[in-house]
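Everything on this sheet refers to the single structure shown next.
The values are calculated or read from the model by the stated rules, or taken from the named source; none is laboratory data. Being a predicted model, the structure only gives us computed values, none of them experimental. Virtual Cβ from ideal backbone geometry, glycine too; neighbours counted across all protein chains shown.
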Amino acid sequence: MPHPDHEKNRAAWNEMVDLHVNHPEYRTKEFLEGRSSLKRIELEALGDIRGLRLLHLMCQFGLDTLSWVREGAIVTGVDISDKSIQRANELKIKSGLEAEFIRADVLDLVGVIDRKFDVVFQSYGTHVWISDIARWAEVVAHYLKPGGTFFMVDDHPIGVIFLDPPQDYFSKEPERDTNAVDYCDWNYRIKGELVEWQHPLSEIINALIDAGLTIEHVEEYNYGYYNVAEGWYSKDGEYWYPPGGPTKYPLMFSLKARK
């Protein structure tokens with residue numbers, strides 16, 4: 001049975017995808033001209049992946065997925081949004097790159113794909129959409145080959161305590177938002193309801209350990225990965241700082257684990 005709150009999010013992402021594909025923040029036209037959408041953190045963490053099989057979870061419309069193809073990986077991208085997968089397949093054709101895209105809820109993925117991967121990758125704005133982090137970790141472990149690597153880079157969950165008003169870092173209840181502002185187009189209000197879940201960093205780490213993975217490295221960063229609000233600025237075109245500069249608390253984290 002599809003998770004009803006995940007289905008609400010699927011409808012919202014179906015609504016947003018064309019806005020994102022065409023938004024300057026994503027630089028889709030530049031991607032088609034040869035630009036990689038991958039950032040320094042994930043490129044340095046995974047290194048030379050030529051010839052490796054990579055599973056990209058929650059891949060949205062496939063920019064990073066296809067950028068990994070340009071790095072030489074054999075790539076499969078998965079996303080809950082059917083319209084995002086449709087746009088990913090269109091982008092694959094336009095770019096002339098070969099990848100497989102599958103529409104599935106990450107929590108229901110086991111059995112949809114029948115092979116294992118050298119690398120499982122997940123990035124930027126994903127863990128808040130997962131209702132069951134223990135089940136998610138089991139999916140990650142299931143699809144890794146022995147010796148395979150999982151790498152994720154994402155928003156740091158501590159960020160919720162700096163919202164206005166602050167939210168509970170340890171909250172177990174989903175956060176429901178109607179009429180939310182799109183993170184790219186601040187003038188656009190999303191029609192559907194968005195449902196997010198809070199996962200403390202310890203919960204994410206322990207879920208992966210409980211699923212049988214060995215944590216190799218965790219890093220925290222005092223900058224973000226997109227233009228969050230007016231006044232934010234970027235020094236390198238990849239990472240973003242609020243008006244006061246680097247924060248005194250983490251905005252992002254990355255995690256590398258091995259099976």
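Only one of 18, 5, 48 is charged (D, E, K, R), exposed (fewer than 14 other Cβ atoms within 10 Å of the Cβ) and at pLDDT below 95; which? Walk me through how you get there before you give the answer.
Numbers: 5 fails: exposed (fewer than 14 other Cβ atoms within 10 Å of the Cβ); 48 fails: at pLDDT below 95.
Unique residue meeting the criteria: 18.
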Note to self: Is it the case, given these coordinates, that residue 139 is surrounded by 16 or more Cβ atoms within 10 Å (Cβ to Cβ) and either not aliphatic (A, V, I, L, M) or not in a strand (DSSP E or B) (or both)?
What the structure shows: yes
Residue 20 vs (1) within 19 Å of the chain's Cα centre (by Cα); (2) under 30 Å from residue 115 (Cβ atoms); (3) not in a helix (DSSP H, G or I): all pass except (3)
All conditions in (1) farther than 20 Å from residue 106 by Cα; (2) assigned to a loop (DSSP other than H, G, I, E, B); (3) small (Gly, Ala, Ser) are true of residue 147 except (2)
Flagged in region 33-73 as among the small types (Gly, Ala, Ser), part of a helix (DSSP H, G or I) and without any contact (Cβ under 8 Å) to a residue 60 or more places away in the chain, in numbering order, are 67
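Please go through region 221-233 and pick out each residue that is surrounded by fewer than 14 Cβ atoms within 10 Å (Cβ to Cβ) and assigned to a strand (DSSP E or B). Steps first, answer last, please.
The first filter runs over region 221-233 and keeps only residues surrounded by fewer than 14 Cβ atoms within 10 Å (Cβ to Cβ), leaving 229-231, 233.
233 - this is the single residue of region 221-233 that is surrounded by fewer than 14 Cβ atoms within 10 Å (Cβ to Cβ) and assigned to a strand (DSSP E or B).
Count, please, the residues in region 93-136 that happen to be hydrophobic (A, V, I, L, M, F, W, C) and either in contact (Cβ under 8 Å) with a residue 60 or more places away in the chain or assigned to a strand (DSSP E or B) (or both). Outline the logic, then answer.
At the first step, the residues of region 93-136 found to be hydrophobic (A, V, I, L, M, F, W, C) are 93, 97, 99, 101-102, 104, 106-107, 109-110, 112-113, 117, 119-121, 128-130, 133-134, 136.
With either in contact (Cβ under 8 Å) with a residue 60 or more places away in the chain or assigned to a strand (DSSP E or B) (or both) added as a condition, the list becomes 101-102, 107, 110, 113, 117, 119-121, 128-130, 133-134, 136.
Residues flagged as hydrophobic (A, V, I, L, M, F, W, C) and either in contact (Cβ under 8 Å) with a residue 60 or more places away in the chain or assigned to a strand (DSSP E or B) (or both) within region 93-136 amount to 15.
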Checked region 207-220 for anything out of contact with any Asp or Glu (no Cβ under 6 Å at 6 or more places or on another chain), in contact (Cβ under 8 Å) with a residue 12 or more places away in the chain and either crowded, with 17+ Cβ neighbours inside 10 Å or in a helix (DSSP H, G or I) (or both); matches are 207, 208, 210, 213
